[in-house]
Amino acid sequence: MPTELEGDGIAVRDPSHAGQSDPECPLEPVGSEGEAQRARRLQNDARIVEILRADGFEGPRYNKVVERLSGYAWPTMVKWCGTGEVFHRAAAVGRPVPRRLIVSDWSHDDRLEIATDSVINGMALFRTYGLLEGRWHAGGGASLTTYCMGAVIRAFGPVYKAWYDARRTGQAELRRAGTDEEADPMAAIPDQRAADPYQVAATNDEIRRILPMVKDPQVLESLGWYAVGCTQEQAAERVGLTRKALERRTHRLRNRINESGARRLEPGEGEAR
C-alpha cells in the first residue's frame, strides 16, 4: 500500500507493488519494471525527501513515512531472522556476522527482539545518514525503501552480537549456579519456533507507535552509533553530550513513552499478572 503525504499527491510505495520482485528479497523489483517506471519511482522518492526536508524531517508527514517504512522493514526482518537469510544479507552489505557466533537454536522471542532492535537502530541510521546528511539521492539508484532496508541490515550485526554476548554470559551463569545433580532449569522450556500472529501484530503496532516519538536528534543519532557498535560513552561523545546527559535524555524518552501509553507493559513490567 502506498504511503500518501496528504495534500501532496505523492507516495512511498512498497517496491513489491512496483513490478515483479524477488520473493526472498522484495526490495527492488526485477523483470517487469522498465527504466521509465523506475525513474518515475525514484523521482517520486526524491520529491518526498524534499518535502520532508522542508519539514525538518519531523512532524506528521515525516512520522507517516517512518511508520510505513518501519512497518515494512519489521516483518521482513522477522522473516529473515527466522530463515537465517539475514546472515547472508548482512554479509552482502559488508557487515558479516562471524560464523562462530551464528547459532541455530535462537527462540522466536529472540528473533522478535533482534528484529525489533535492528529496525529501531536502522531507522536511526537511515534518518541520520540517509536524510539529514543527504546520502540518499535518486541518482544512487536505490529507492527509499531499499535504502532504509539497507540501514536496518547494517544495524543487525551489532544488535545480534550484543544478544549473543548476553546469551553466552547467561548460559555461563547457569552452569556456575548448578551442579551435576541439578537439571538445567532452562531445559524444560520449549523452543517455540512457530510465529504467534497476535504477538507479531502487537509488536509491529508498538514499533509504529513508538518510533515517531523519538524526536531528539541527538538521541536518534546516538541510537545510530549504538547500532554500529559504539558504547554509550562513545555514542554520547560523538553526538556532543556527556554520558550522563545522554542517559538523562533516554530516561526522559522512556518515561514519555510509558506515560503516553504507546508501549503496553507486559506482566512483570509494572502491571499485575
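Can you tell which of 118, 70, 143 is touching a residue at least 12 places away in the same chain (Cβ under 8 Å), crowded, with 16+ Cβ neighbours inside 10 Å and in contact with a strand residue (DSSP E or B) (Cβ under 9 Å, 6 or more places away or on another chain)?
The conditions single out 143.
May I ask you to verify whether residue 128 is hydroxyl-bearing (Ser, Thr, Tyr) and open to solvent by 60 Å² or more (accessible area, probe 1.4 Å)? The answer is no for residue 128.
The requirement of being without any contact (Cβ under 8 Å) to a residue 24 or more places away in the chain and of a type in the set (Asp, Glu) is fulfilled somewhere in region 41-55, by at least one residue.
Pairs linking a residue in region 251-264 that is under 14 Å from residue 212 (Cα atoms) and open to solvent by less than 90 Å² (accessible area, probe 1.4 Å) to a residue that is of a type outside the set (Gly, Ala, Ser) and at pLDDT below 70, with Cβ atoms under 7 Å and 6 or more positions apart or on different chains, are 257/210; 257/263; 262/209; 262/210; 263/206; 263/210. So is residue 98 touching a residue at least 60 places away in the same chain (Cβ under 8 Å) and open to solvent by 20 Å² or more (accessible area, probe 1.4 Å) or not? Criteria not met by residue 98.
The values are calculated or read from the model by the stated rules, or taken from the named source; none is laboratory data. What you see is a predicted model, and the numbers here were worked out from it, not measured in a lab. Reconstructed Cβ throughout: ideal geometry from the backbone, glycine too, with neighbour counts over all protein chains shown. To get the accessible areas, we keep the full protein, side chains included, count just its heavy atoms, and leave off ligands, DNA and RNA. Shrake-Rupley method; radii C 1.70, N 1.55, O 1.52, S 1.80 Å.
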